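*Asks:* The structure's right below; bear with me while I get my questions together.
No lab work stands behind these numbers, since they all come straight from the coordinates. Remember, predicted model here, so these are calculated numbers, not experimental data. Cβ atoms come from the backbone with ideal geometry, glycine included; neighbour counts cover every protein chain shown.
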Amino acid sequence: MTRIEYKVDFLPFHEHEETHRAEMLAKLNELGKEGWRLIAIDPLHRSGGGWTAATAAPLLLMREVTA
């Protein structure tokens with residue numbers, strides 16, 4: 001039997017675009033090794049015009065779990 005598991009993780013925001021992109025890809029690759037897939041960034045659309053260095057972008061993730 002297969003079931004779906006969801007979780008929310010957070011990605012710190014960096015003003016420098018290349019740093020932000022590199023950190024995001026590294027985090028997603030690490031989560032992917034554990035079977036997690038990205039479903040949405042900021043799924044509740046609460047960023048209100050964008051993230052700042054003081055905030056973190058919420059990531060909605062899912063993976064299939066066999067029981």
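*Asks:* List every residue whose amide H lies under 5 Å from the amide H of Ala40, counting only residues 5 or more places away in sequence or on a different chain, with H placed 1.01 Å from N in the peptide plane.
*Replies:* Excluding prolines and chain starts, which carry no amide H, the hits are Leu60.
*Asks:* Please list, ordered by chain and number, the residues whose modelled amide H lies under 5 Å from the amide H of Leu11; skip anything fewer than 5 residues away on the same chain.
*Replies:* Ala57, Leu59
*Asks:* A further question follows. Would you kindly derive the ³J(HN,Hα) couplings of segment 55-66 from the backbone phi angles with the Karplus curve 6.51 cos²θ - 1.76 cosθ + 1.60 (θ = phi - 60°), listing them in order in whole Hz, with x for Gly and Pro?
*Replies:* 10, 10, 7, x, 10, 8, 10, 9, 8, 8, 10, 8
*Asks:* When the chain is fully extended, how far beyond the present Cα-Cα distance does Ile41 get from Met1, taking 0.36 nm per residue of separation? List each step's numbers first, then the result.
*Replies:* Values: separation 40, 0.36 × 40 = 14.40 nm, distance 2.86 nm.
Result for the pair: 11.5 nm of gain on full extension.
*Asks:* Could I have the simple spin-label model distance between Arg63 and Glu17, label points 7 Å from Cα toward Cβ, reported in nm to one decimal?
*Replies:* For Arg63 paired with Glu17, the spin-label model returns 3.2 nm.
*Asks:* Based on other C-beta atoms within 10 Å, arrange Met24, Met62 from fewest to most. Working shown, then result.
*Replies:* On the way: Met24 18, Met62 15.
Result, fewest neighbours first: Met62, Met24.
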